[in-house]
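K.L.:
This is the structure, below, for whatever I ask next.
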């Protein structure tokens, strides 16, 4: 290994993981997180919700199907750095355009491979998400940092700098990025039908006929309030016949309502939801308007804050395409795709807000249905093809809510009477008992 290909990760706690460089070279600081998806690395790299983060893939081989621009969730790459166990140099797929190394180098994203990603993941699970720095190549800055690590005094200064890093102006930095790759509805449905990524109903059946799929949403306008939206959210709305108008995260309630929308989609996005004070104030005004609302991920958190709930940062977050969530209205468990480091606190939900989904791993809030206003939200990504299409029916619920504002009015009676905190405690108890029995 030459100096030009050497690279390492320096965590804020002082631990070092040495490996090799791919993609761009240089030095970068970010919040180090992990995602458990076995595929979908292109969606991860272009997901605006990863803004400011160094992403570690737990699956050992990444890049095997190369780069496919049609799978991008936005026009740019938003991760700060990218860590994999092994990167595929010769991808194979009929849709492949070129390899991952070339893609990251062109986007000036620093990659690190050849490290023990399992060991790194265990550290992040035990100690929680922490900041880190990737140092790659033999440039002047990289050499300076390597030299600093040989001195305890200089290393301490370096670690202090890493610890001080904070993700700032997240929503402002990524809003309306996905709109750069928007396509018209007929193109979206045609391409989706080719791979059968068409609307899926609550009974699991697929709707391949665009006329039928779009019938109930036709003639209705939805404003996509973009806090860092993934492109597939807009595609799912288009597949159901909506006219979709994308507006920036800085838009006001007055500007949005002036568009006379039939519904408003609050998108996903990066960062701490509590930092978006102005947006939360504008959502309060939207909620009073009576226009139906559907929130996803950050949009779910912002709506909850606007309605009086609270949020908190998770120890290491939920990131990956295999996160189980329980729908309390039916008791059914779905596999969901998730990417978030914050969650709505279950015990802070206001009156007329019903906990609709819980994470079966830790009992955290995964969905809320509001019974006094036409609104609902989920923490996970129903547009992200997990399961592979388990929770797409939520977009159909949005169609129904737009056509009938009282759709959720008596929904509370359908939900299991379950205390998610007790549910989590029971899960831990059963897990402990299982481990003892195994011994």
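K.L.:
Taking only DSSP H segments of four or more residues, each worth -39500 (n - 2.57), what value at 222 nm results for the chain once the sum is divided by all its residues, to the nearest 500 deg cm²/dmol? It would help to have the intermediate numbers written out before the result.
P.N.:
Details: 14 runs with 130 residues, N = 439.
The helix-only estimate for the chain comes to -8500 deg cm²/dmol at 222 nm.
K.L.:
Starting at 0 and stepping by 20 Å, how many percent of the alpha carbon pairs of the chain end up in each bin?
P.N.:
Result returned by the calculation: 25, 56, 19, 1.
K.L.:
While we're looking at this one, here's another question. Expressed in nm to one decimal, what extension gain is obtained for the pair residue 314 and residue 169 from 0.36 nm per residue of sequence separation less their Cα-Cα distance?
P.N.:
So the extension gain works out to 50.2 nm.
K.L.:
Using the Kirkwood radius over C-alpha pairs as Rh, can you work out the diffusion coefficient of the range 343-391 via Stokes-Einstein at 25 °C, viscosity 0.890 mPa s, in µm² per second?
P.N.:
Rounded, D is 210 µm²/s.
K.L.:
State the Cα centre-to-centre distance between the range 149-178 and the range 233-254 in whole Å.
P.N.:
Going from one Cα centre to the other spans 33 Å.
K.L.:
Using only the alpha carbons of the range 171-426, what is the convex hull's orientation-averaged projected area in square nanometres? Write out the running numbers ahead of the final one.
P.N.:
Numbers: hull surface 49.4 nm².
Mean projected area for the range 171-426: 12.4 nm², to one decimal.
K.L.:
Please find the FRET efficiency linking residue 205 to residue 180, where r is the Cβ-Cβ separation and R0 is fixed at 51 Å, and quote it to the nearest 0.05. Walk me through the numbers on the way to the answer.
P.N.:
Values: r = 34 Å, r/R0 = 0.66.
Efficiency, rounded to the nearest 0.05: 0.90.
K.L.:
On to the next question. Mind putting together the pair-distance distribution for the range 107-255? All Cα pairs, 5 Å bins, whole percent per bin, short to long.
P.N.:
2, 7, 11, 12, 12, 10, 9, 10, 10, 7, 5, 3, 1, 0
K.L.:
Something else about it: Taking only the C-alpha atoms, wrap a convex hull around the range 186-253 and report its volume per residue in Å³ as a whole number.
P.N.:
Numbers: hull volume 6.9 nm³, N = 68.
Cα-based convex hull of the range 186-253, divided per residue, equals 102 Å³.
K.L.:
Percent antiparallel among DSSP beta bridges with both residues in the range 1-146, to the nearest 5?
P.N.:
Around 60 percent antiparallel, to the nearest 5.
K.L.:
Let me ask something additional. Taking just the C-alpha trace of the range 28-143, give me its Rg and Dmax in Å.
P.N.:
So, for the range 28-143, Rg and Dmax equal 13.7, 41 Å respectively.
K.L.:
May I pose another question? With the crude spin-label approximation of a point 7 Å out along Cα→Cβ, what separation in nm comes out for residue 155 versus residue 70?
P.N.:
In this crude spin-label approximation the distance works out to 5.0 nm.
Where a number appears in this text, it was derived from the coordinates with a stated rule and is not lab data. Note that the coordinates shown come from a computational prediction; the quantities given were computed from them, not determined experimentally. When we count neighbours, we look across all protein chains shown, and the Cβ atoms used for this are built from the backbone with ideal geometry, even at glycine.
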